[in-house]
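Beneath this line is the structure, given in structure tokens, with notes to follow.
The values are calculated or read from the model by the stated rules, or taken from the named source; none is laboratory data. Everything numeric here is computed off the predicted structure, so don't read it as measured data. Quick reminder, even Gly has a Cβ in these numbers, built from the backbone with ideal geometry, and neighbours come from all protein chains shown.
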Amino acid sequence: MLERSQENQLQKMPQNSVKSPIPIMPGYFSNEVEKRRFISKLFDDTAADYDRMERILGLGSGSRYRGQALERAGLTARMRVIDIAVGTGLVAREAVRIAGDPCLVVGVDPSAGMLNSAKVPAGVRLVEGRAEAIPFPDAQFDFLSMGYALRHITDLSVAFGEFHRVVKPGARICILEITPPKSRIGKAFLKTYMHVLVPAVARLLATSADTAKLWRYYWETIEACAAPERVIATLQACGFESVRRQVSHAIFSEYQAVRPS
């Protein structure tokens with residue numbers, strides 16, 4: 001349940017805020033309910049391949065980068081962390097390293113397949129759940145992270161409201177996402193890489209026939225995703241302060257924000 005103050009904020013969302021981060025994509029789904037089912041099945045079916053494909057074709061966005069991004073956003077030792085869309089645990093493992101205790105880290109994901117494939121230190125709690133309905137009480141965490149899953153959310157305003165609800169006053173959040181380069185050459189290169197090369201390699205190396213489909217969908221959602229300015233406006237409308245976007249290597253966006261004390 002959203003707090004009443006958050007409900008009021010969402011009713012006053014500015015025009016440049018955004019509900020769904022990507023439009024309906026007829027080749028994959030025709031409404032938000034179908035989108036949720038499609039994504040859940042796709043990630044369930046490809047979970048066993050995800051880590052290997054990410055290591056081979058991750059564009060340098062490996063463990064070191066994820067850890068540095070968390071530290072830039074303010075994660076320090078002894079903080080209690082919730083990692084939304086934990087997947088196979090790529091961000092959660094770095095959170096454990098920085099926080100210093102696996103028992104301080106919780107991972108949430110809607111895909112049972114991903115949770116079953118997660119490789120996290122003993123003590124990390126893994127829970128099935130969605131960003132729009134986080135299964136934890138109010139004000140539980142010092143830090144919230146989400147790695148490369150913003151495009152898969154069905155309603156950003158609801159999800160960001162939930163982020164605001166489950167973190168403590170003064171808590172920090174870090175949302176990692178890939179955004180297309182501004183230059184036409186850079187965008188064309190990334191599109192060729194993600195939409196052509198990565199699926200081709202997936203067809204050769206993956207155990208699931210859907211892994212190539214996942215990476216094609218990955219690029220198409222990157223290309224269709226709401227502009228960073230609209231993501232920032234939605235975070236602000238949901239009550240976060242000090243909202244900023246830091247860009248690394250021209251394509252890796254780090255959205256940082258703080259829940260007011």
Completion exercise
The condition of being modelled with pLDDT under 95 and either in contact with a Cys (Cβ under 9 Å, 6 or more places away or on another chain) or not hydrophobic (A, V, I, L, M, F, W, C) (or both) holds, among 101, 44, 83, only for 44
Problem - The one condition in (1) of a type outside the set (A, V, I, L, M, F, W, C); (2) closer than 25 Å to residue 160 by Cα; (3) over 15 Å from the mean Cα position of the chain (by Cα) that residue 46 fails to fulfil - result: (2)
Practice task
Need at least 1 residues that are more than 21 Å from residue 132 (Cβ to Cβ) and without any contact (Cβ under 8 Å) to a residue 40 or more places away in the chain per element, so show me which helices (runs of 4 or more DSSP H) inside segment 159-261 make the cut, counting only ones lying wholly within it.
Solution key: 184-192, 198-205, 211-224
Problem - Residues of segment 25-36 that turn out to be under 18 Å from residue 85 (Cβ atoms) and either under 17 Å from the mean Cα position of the chain (by Cα) or exposed (fewer than 12 other Cβ atoms within 10 Å of the Cβ) (or both), as a count - result: 2
Exercise for the section: Identify the single condition in (1) over 15 Å from the mean Cα position of the chain (by Cα); (2) under 24 Å from residue 220 (Cα atoms); (3) of a type in the set (Ser, Thr, Tyr) that residue 76 does not satisfy, given that it satisfies every other one. Expected result: (2)
Practice task
Kindly indicate whether any position in segment 82-89 is more than 17 Å from the chain's Cα centre (by Cα) and among the charged types (D, E, K, R).
Solution key: no
Practice task
List every residue pair whose Cβ atoms sit under 6 Å apart, with the two residues 6 or more apart in sequence or on different chains, where the first one lies in segment 130-152 and is farther than 29 Å from residue 214 by Cα and acidic (Asp, Glu) and the second, anywhere, is modelled with pLDDT of 95 or more and in a loop (DSSP other than H, G, I, E, B).
Solution key: 142/79; 142/80
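Taking residue 164 as the residue in question, decide whether it is buried (at least 16 other Cβ atoms within 10 Å of the Cβ), closer than 29 Å to residue 215 by Cβ and not acidic (Asp, Glu).
So residue 164 does not fit the description; no.
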Handout entry: So residue 208, is it surrounded by fewer than 19 Cβ atoms within 10 Å (Cβ to Cβ) and of a type in the set (Gly, Ala, Ser)
Key = yes
Problem - Subset of segment 126-176 that is among the hydroxyl-bearing types (Ser, Thr, Tyr) and either touching a helix residue (DSSP H, G or I) at 6+ places or on another chain (Cβ under 6 Å) or closer than 14 Å to residue 19 by Cβ (or both) - its residue that is modelled with the highest pLDDT - result: 145
Exercise for the section: Answer yes if at least one residue in segment 76-92 is over 27 Å from residue 28 (Cβ atoms), touching a helix residue (DSSP H, G or I) at 6+ places or on another chain (Cβ under 6 Å) and not aliphatic (A, V, I, L, M), and no otherwise. Expected result: yes
Completion exercise
The lone condition residue 22 fails out of (1) modelled with pLDDT of 80 or more; (2) surrounded by 15 or more Cβ atoms within 10 Å (Cβ to Cβ); (3) over 12 Å from residue 155 (Cα atoms) is (3)
